[in-house]
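Encoded as structure tokens, the structure appears first; notes follow it.
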Amino acid sequence: MLKNKYLQKHLLAAPLAALLGAALFTPSNATAQAYPNKPIRLIVAFPAGGSTDIVARLVGQRLGEKLGQQIVVDNRGGAGGTIGTEIASRATPDGYTLTMGTTSTHVIAVGAYKSLKYDPVKDFEPITLVASTPYLLVVNPAVKANSLKEFIALAKAQAGKLNYASAGTGTTTQLAMEMLKSAAGIDVVHVPFNGNGPAGVATIGGQVQALFGSMPAVLPQAKAGRLRPLAVGTPKRSPALPDVPAVAETFPGFDAQLWLGFFAPKGVPAPILKRLYDELSGIARSPEMKEQFERNGADPQVSASPAELTKLVIGDVEKYTKVIKAAGIQPQ
């Protein structure tokens with residue numbers, strides 16, 4: 001039996017959610033036909049320049065074209081994405097406020113924060129996934145390591161002296177490195193920043209030596225030579241960097257990647273949710289978006305239904321809660 005009360009509550013509710021998800025899209029389309037008649041705010045719970053921001057802007061621009069209204073990206077970074085996500089959870093449920101939810105905001109936050117001021121399941125309407133992206137281990141070019149093996153050897157030789165950046169305490173960028181630390185038996189010091197963008201800047205500037213960053217945020221810097229890529233977190237190599245090995249080639253079973261999806265505050269009318277699901281899933285499946293995602297190191301992903309996204313959230317909460325405990329990360 002699961003000891004986590006959050007999991008117990010929502011896993012029991014999951015079958016009902018699946019049934020409701022099927023029923024959600026049956027009402028009259030009158031509401032959806034009148035929607036939208038003004039700009040839509042898209043809350044991104046991380047600063048500009050990070051992976052969530054990059055994917056949100058790519059998809060948001062196309063969504064605005066489809067809906068005939070401007071999508072206004074509102075960056076509200078801080079506290080591992082929980083500040084912006086809380087703001088989104090309290091927005092008026094009329095379809096004019098959406099948020100880009102991620103593994104960090106809707107999964108890891110449950111185990112990383114003692115007093116989370118929103119419930120990723122209870123307070124949101126899931127819409128659909130749009131993308132997933134691997135994590136990429138990069139180092140400042142001054143670091144004397146040209147491979148994962150050399151980085152591990154260096155970290156062992158200088159135990160507790162190397163440091164790594166993250167997008168914030170309790171984010172997937174921290175957990176990806178903590179998973180590597182556990183697998184490799186190394187001691188690297190955590191330095192949290194307010195998002196992937198600032199973490200990347202600090203690594204480029206040499207304030208920190210390493211970053212296990214989300215691919216869209218660090219790929220351009222790696223290709224430009226400002227960061228040195230050592231390994232990807234997905235089980236297989238990424239087409240964006242085919243010559244960079246996967247961590248799993250050294251540590252079988254290693255898997256660190258980020259998913260990104262659209263959510264709305266609980267209570268948005270069903271016809272509007274259906275309209276958004278139809279448009280967003282079509283955008284994510286389009287050849288144009290697939291090309292743009294791959295250029296940024298991301299892969300298109302679409303939920304079979306909103307209920308499937310809810311199941312993903314619940315299952316990943318269980319998975320990452322165990323990772324947080326195993327890493328010895330104390331809830332903030």
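The values are calculated or read from the model by the stated rules, or taken from the named source; none is laboratory data. This is a predicted model, so every value here is computed, not measured. All Cβ positions, glycine included, derive from the backbone under ideal geometry; neighbour counts span all protein chains shown.
Got at least one residue in the range 87-97 being over 13 Å from ILE314 (Cα atoms) and without any contact (Cβ under 8 Å) to a residue 60 or more places away in the chain?
Yes, that holds for at least one residue.
Can you name the condition, by its number, that HIS190 falls short on among (1) surrounded by fewer than 19 Cβ atoms within 10 Å (Cβ to Cβ); (2) touching a residue at least 40 places away in the same chain (Cβ under 8 Å); (3) under 25 Å from LYS114 (Cα atoms)?
Single failed check for HIS190: (2).
Restricting the search to the range 107-139, which residues are over 29 Å from LYS181 (Cβ atoms), out of contact with any Pro (no Cβ under 9 Å at 6 or more places or on another chain) and not aromatic (Phe, Trp, Tyr)?
Within the range 107-139, LYS117, ASP119, VAL121, LYS122 qualify.
Filter the range 98-129 for residues that are among the hydroxyl-bearing types (Ser, Thr, Tyr), touching a residue at least 60 places away in the same chain (Cβ under 8 Å) and either touching a Cys at 6+ places or on another chain (Cβ under 8 Å) or in a loop (DSSP other than H, G, I, E, B) (or both) and give the result. Before you say what the answer is, go through the steps one by one.
Applying the first criterion (among the hydroxyl-bearing types (Ser, Thr, Tyr)) to the range 98-129 yields 99, 102-105, 113, 115, 118, 128.
Filter again for touching a residue at least 60 places away in the same chain (Cβ under 8 Å), leaving 99, 102-105, 113, 128.
Once the filter is applied, which keeps residues that are among the hydroxyl-bearing types (Ser, Thr, Tyr), touching a residue at least 60 places away in the same chain (Cβ under 8 Å) and either touching a Cys at 6+ places or on another chain (Cβ under 8 Å) or in a loop (DSSP other than H, G, I, E, B) (or both), the range 98-129 yields only TYR113.
For the structure I just gave you, tell me whether ALA165 is in contact with a Phe, Trp or Tyr (Cβ under 9 Å, 6 or more places away or on another chain), over 30 Å from SER281 (Cα atoms) and of a type in the set (A, V, I, L, M, F, W, C).
Yes: the conditions hold for ALA165.
So, in the range 243-278, of the ones that are out of contact with any helix residue (DSSP H, G or I) (no Cβ under 8 Å at 6 or more places or on another chain) and part of a loop (DSSP other than H, G, I, E, B), which residue ends up surrounded by the most Cβ atoms within 10 Å (Cβ to Cβ)?
VAL268
May I ask you to say which residue of GLY206, GLY195, GLY170, GLY101 is modelled with pLDDT of 95 or more, outside the structural domain of LEU280 (by TED's automatic domain parsing) and either over 30 Å from PRO271 (Cβ atoms) or surrounded by 21 or more Cβ atoms within 10 Å (Cβ to Cβ) (or both)?
GLY206
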